[in-house]
There are 2 protein chains.
Amino acid sequence: MEKDNPNVYVVGASWQRLLYGAEDVGLFKEFNDGSMRGFTYANKHNFKEFQADGDGFLSMAECQYIIKHELDNLRAKDEAHVPGYPKMKLYPGKSVIRRMQSKGILVQVFPLHEKEELKRLSFSWFKKIKLSFQPLDDIRHYFGEGMALYFGFLEYFTLALIPMALIGIPYYLFDFEDYDKFTVFAGFNLVWCTVILELWKRLSASLAYGWGTLSRKKAFEEPRPGFHGVLGVNPVTGRAEPLYSNAKRQLRIYLVSVPFVLLCLYLSLYVMMIYFDMEGWALMIHDEEPTFWTGVLIFIPSIIYAVVIEIMNLIYRYAAEFLTGWENHRLESTFQNHLVLKVLVFNFFNCFASLFYIAFVMQDMVLLRQSLATLLITSQILNQIMEAFLPYWLQRRRNKKAHKRMIKTMGDRELPLSEQVKLEADMSTYLGTFDDYLELFLLFGYVSLFSCVYPLAAVLVVLNNVTEVYSDAFKMCKVFKRPFSEPAANIGVWQLAFEAMSVIAVATNCALIGMSPQVKSYFPESETQLILWVVGFEHFLLASKFILTFVIPDVPKDIQIKLSRLEFESLEALKKRKMLEASGIPKTDK
Amino acid sequence: MEKDNPNVYVVGASWQRLLYGAEDVGLFKEFNDGSMRGFTYANKHNFKEFQADGDGFLSMAECQYIIKHELDNLRAKDEAHVPGYPKMKLYPGKSVIRRMQSKGILVQVFPLHEKEELKRLSFSWFKKIKLSFQPLDDIRHYFGEGMALYFGFLEYFTLALIPMALIGIPYYLFDFEDYDKFTVFAGFNLVWCTVILELWKRLSASLAYGWGTLSRKKAFEEPRPGFHGVLGVNPVTGRAEPLYSNAKRQLRIYLVSVPFVLLCLYLSLYVMMIYFDMEGWALMIHDEEPTFWTGVLIFIPSIIYAVVIEIMNLIYRYAAEFLTGWENHRLESTFQNHLVLKVLVFNFFNCFASLFYIAFVMQDMVLLRQSLATLLITSQILNQIMEAFLPYWLQRRRNKKAHKRMIKTMGDRELPLSEQVKLEADMSTYLGTFDDYLELFLLFGYVSLFSCVYPLAAVLVVLNNVTEVYSDAFKMCKVFKRPFSEPAANIGVWQLAFEAMSVIAVATNCALIGMSPQVKSYFPESETQLILWVVGFEHFLLASKFILTFVIPDVPKDIQIKLSRLEFESLEALKKRKMLEASGIPKTDK
């Protein structure tokens, strides 16, 4: 199983070097007075938690980020080619590592797990079975801010669902057949999904401030590794760099990607229609001669449909990634935005189209409830299997022999570094939080859109999230290579996606309220009147929602004050320096 | 007519001092390479248009702003009281000028007009009667960026209305009685009001970039002059400063201001009902025995109502200002936002409630057309009178004698400075662009909401705007004291207000389309179907509108590149400086 090119380089740095790096990448750390300040080497002793020579001052994720940053910033100067590879050209000012990666000289770059730290983290995270908050600071210390924010959001979302689940259980138990009662629940839904997203923004700002990523300025973004084009001059940096015309990219997007997405949507619609045919067919058999088995049969189409949806989502996911790569975006961030947009639109349509159809075209609340329950449960089970257990099982099978042999020869002693590297190089690569957020997004959709007709949805999602925490934690620690840490100040484009979903939820819940017999009974004569009232109410709610978004500050007051103080001080410092510089000038004309 | 305290101080500064000030307030000027850079005195010769000793390098508005800034920043150090006024206490670190202003020692502070420049500006602006764009750069040079942006917006808005006016005229001439045809016009309206606002954002960014205000960082905001409270320590600056508890302010807002606004809205509703009674009464008389005079009588209620609306708006404006002042906001910007919000809500309701009532409750398109026309024309005439001619006439009467006497004694010679100061001190004070924007906002409302039923509205607004340009220009140059210039990068909260109006316009136009007989004929059987289609269409349009807002970049590409380049360069410079500073450290551990 040996690779063709077995050279392994383990890169590390001294504490001093790391501290200079920390200043270089602009890390913010806690100052003696409790505020967060940009770290400078000269000023290092004024930072809290800085002891002796700075050992332990930086988190492991920060060290990793600094080393990655420095490696990525090794730029070619006068070298014409990679030493030893005369055909691999190097361009002045371009990152050497990226060039070597894209040419296949460098096979893998990844940070190593730290056995001791990992053991400690695993223990406080998922090995002790007791009710407690997640160790976000420990997660951040080991995996970085992006990952910690994901787990923070997962936990917050779960906690936010608990009131809904608590209301849902009695609803489910006592009013299961009483469709009239869901109006109140829909109203609650409406308020809930607006409020929790606003509060999360504030909470995430607090977390990010404490971790020093809120005030950190983003560095200049380099082109992503896969980007290619004709060599030209970047108008911003003035450096030689491949350029790709924007018009060409737009053409690719509008002439290929958009039609492709539309085609996929059409396909999904087609599959949905097949599902409805199957559903009708099963129902017909059940109606003709109802037995226990035909009772089971009714659920079969929904389950098959749920599995098909998951498979389609998976295939589409790869297609979208390929297509977005082919669109040749210059920056990783725009690449991500286009990918998220593509995947979101399709997944939303694929998962919810049938539910919307049942709710508003067929207006069949019993089928809606049954379909929602089957979709939700099946997709949860599939997800847990696909996400954690399958990779774990695959990896176990692969490593079993190698591992056993090593344990035999080594006994209880620690694994030598070279063996650890080989072991970890074979682990699967974690592809980022994208899929995890996507799963939460769909769950949020099920709950906020339709939970009023199936109040147990919130309960199911809470249960799912609790196991999700454990399986996600498990997969991060045991299944995957340690991912590169990425400083993040918020959950980025996902905040927007969740907010868009909550707007759709307002419209959907209003429509469901309008369709309930309870509300209809207020307008016995005129359906037109009813619709006008519902539409008016919906417009009022949407307007309130937007006003609320404006009125509630995104950053809590105390953190706002700390940020302003920092800004004020830097302004004052600038003024002082200017005054000192200008003190040589004649002052007579003042 | 002499004041009690006739001391007059004329403050000026040398060019060198002004250049230091320009660096101090962080002005951006055009660099040799065509980009905009923060001005520094040391680097002054690398800026374009910097000649000799810098005479003429700064615009007059910039000089004025710098001097105002320096005056405001004269802070008390150890002085305990204003010299000569032992009872007027001074607090260390507080602005002396503001203290003296609020205590009435300083009666007026204002910049003087520059006769020569003003003559040149007036000529190119409104004295030569020919079709041309407004001299925005000259306006900016004399009055500053805030004023120039207002006139830029006024001009842009007028130009944007021209296609609408051109479509409106044939509509008016040929289809006046054919109410079916307004669907197309409403559809055009929908797209128009979204697109022009997006384009204005880009245009305003271009203008602001060229004037150097787009990249300029806002200075730390001082408390507004009227702000009072118990002396405490500002948590941001650490300076002693009056503090006022936020809870108290919120109480004042929600327990006094909000109920007051609601009461005013109720009052406005009451007046509206009286108007409808009068309208019905006039119509009754006309129907009984129609003569020419009863034909005129039909219009009387609308005219009276329009006048009453204007008067109510005016009174409310003062009440809102008083109330917002009483709420005791710390910053001028929050004060302005609260004032704008209060005034907008009331004015919107006051001006448009009757139209909405006629359109959607009475569903009387003939009355709507008549009412809209009367409201629009009457309010335009009133506005022009109130805004320019009345103050001008008052001032003329006041100054006639004084002026004549002076002309007699001086002949053709220039006015001595002391006389000019006295003359200008007696001129009315311009209260900022608030009322001007408000007027445009209401006009925008008339056009975007209801112009489909009265296509001539756009024509009337264009005519009004053309005279408005002249009367506004005239009042700025001849009627008012020269206002302090304020650097502005955009039209601020008004952009938001106009966008909110355009969202309301989408809903209104969709509803009007749904009510047209033309559309109704497509759904002969089911009114419910019709409403559902219209609502669906409206939601689709609103969604597209929001997506468009996201997709169209707010800043044109070329300016975006220039901004990024500046940012990149400053990052690089920072890195270089750090490297130089760090060059003393041992490099062995690299």
Task: Percentage, to the nearest whole number, of Cα pairs in segment B:416-519 over 16 Å apart - done: 70
- [ ] Find the all-direction average of the projected area of the Cα convex hull for segment A:164-306, expressing the result in square nanometres with one decimal place.
- [x] 16.8
- [ ] Name the residue farthest towards the positive end of the dipole of chain B from the options B:LEU512, B:THR183, B:PRO487, assuming +1 on Cβ of Lys and Arg, -1 on Cβ of Asp and Glu, about the Cα centre.
- [x] B:PRO487
Open item on the list: Among the listed pairs B:LYS77/B:LYS575; B:LYS218/B:LYS557; A:LYS48/A:LYS119; A:LYS127/A:LYS422, which have their C-alpha atoms separated by more than 31 angstrom in this model?
Closed with: B:LYS77/B:LYS575
Open item on the list: Using Cβ contacts closer than 10 Å as the measure, can you line up A:ASP24, B:ASP436, A:ASP72, B:ASP33 from fewest to most?
Closed with: B:ASP33, A:ASP72, A:ASP24, B:ASP436
Open item on the list: For chain A, give me the percentage of DSSP beta bridges that are antiparallel, rounded to the nearest 5 percent.
Closed with: 90
Task: Estimated [θ] at 222 nm from DSSP helical runs (n ≥ 4, -39500 (n - 2.57)) normalised by residues in the protein assembly as shown, nearest 500 - done: -21000 deg cm²/dmol
- [ ] Apply the Karplus parameterisation 6.51 cos²θ - 1.76 cosθ + 1.60, with θ equal to phi minus 60°, to every residue of segment B:435-444 and state each ³J(HN,Hα) to the nearest whole Hz, in sequence, with x for glycine and proline.
- [x] 5, 5, 5, 4, 4, 4, 4, 5, 4, 4
TODO: Note the direction-averaged projected area, equal to a quarter of the hull surface, for the Cα convex hull of segment B:15-109, in nm².
DONE: 7.4
Task: Amide H contacts under 5 Å for A:LEU106, placed H, 5+ residues apart - done: A:GLN101
Task: Kirkwood Rh and Cα Rg combined as Rg over Rh, evaluated for segment A:54-167 - done: 1.18
Task: Residues with amide H under 5 Å from that of B:PHE480, placed H, sequence gap 5 or more - done: none
Task: Cβ-based exposure ranking for B:VAL366, A:VAL107, in which fewest neighbours within 10 Å come first - done: B:VAL366, A:VAL107
Open item on the list: I need A:ARG99, B:ARG202 ordered by Cβ neighbour count within 10 Å, fewest first.
Closed with: B:ARG202, A:ARG99
Task: Cα Rg, Dmax, the protein assembly as shown, angstrom units - done: 34.8, 116
- [ ] Step through the residues of segment A:25-40 one at a time and calculate ³J(HN,Hα) from phi using the Karplus curve (6.51 cos²θ - 1.76 cosθ + 1.60, θ = phi - 60°), rounding each to whole Hz and writing x for Gly and Pro.
- [x] 7, x, 5, 9, 10, 6, 8, 4, 8, x, 8, 9, 10, x, 6, 10
Task: Sparse-neighbour loop sites [GluC sites (Glu not before Pro); segment B:141-226; at most 11 other C-beta within 10 Å; DSSP] - done: B:GLU177
Task: Charge context of B:GLU468, other residues only, Cβ under 9 angstrom, K/R +1, D/E -1 - done: -4
Task: Sites excluded, chymotrypsin sites (Phe, Trp or Tyr not before Pro) in DSSP loops with at most 10 other C-beta within 10 Å, longest stretch of chain A - done: A:134-521
Open item on the list: Using only the Cα atoms of chain B, what are the Rg and Dmax in Å?
Closed with: 28.0, 107
Task: Spatial separation of Cα centroids for segment B:311-372 and segment B:480-542, in angstrom - done: 18
Task: Within the protein assembly as shown, percent of DSSP bridges classed antiparallel, to nearest 5 - done: 90
Task: Table column - 3J(HN,Hα) (Hz), segment B:56-71, Karplus curve with 6.51, -1.76, 1.60, x for Gly and Pro - done: x, 6, 8, 6, 4, 5, 5, 4, 4, 5, 5, 5, 4, 4, 5, 5
Open item on the list: Please report, for B:ALA425, the nm distances (one decimal) from its label point, 7 Å out from Cα along the beta-carbon direction, to the equivalent points in the remaining copies, shortest first.
Closed with: 8.7
Open item on the list: For B:PHE31, what residues show an amide H to amide H distance below 5 Å, using hydrogens built from the backbone and excluding near sequence neighbours?
Closed with: B:MET36, B:ARG37, B:LYS48
- [ ] At most 11 other Cβ atoms within 10 Å and a DSSP loop assignment: could you name the trypsin sites (Lys or Arg not before Pro) in segment A:5-79 that fit?
- [x] A:LYS77
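Every read-out reported here was derived from the displayed coordinates using simple, explicitly stated rules and does not represent laboratory data. These figures come from a predicted structure and were not determined experimentally. When we count neighbours, we look across all protein chains shown, and the Cβ atoms used for this are built from the backbone with ideal geometry, even at glycine.
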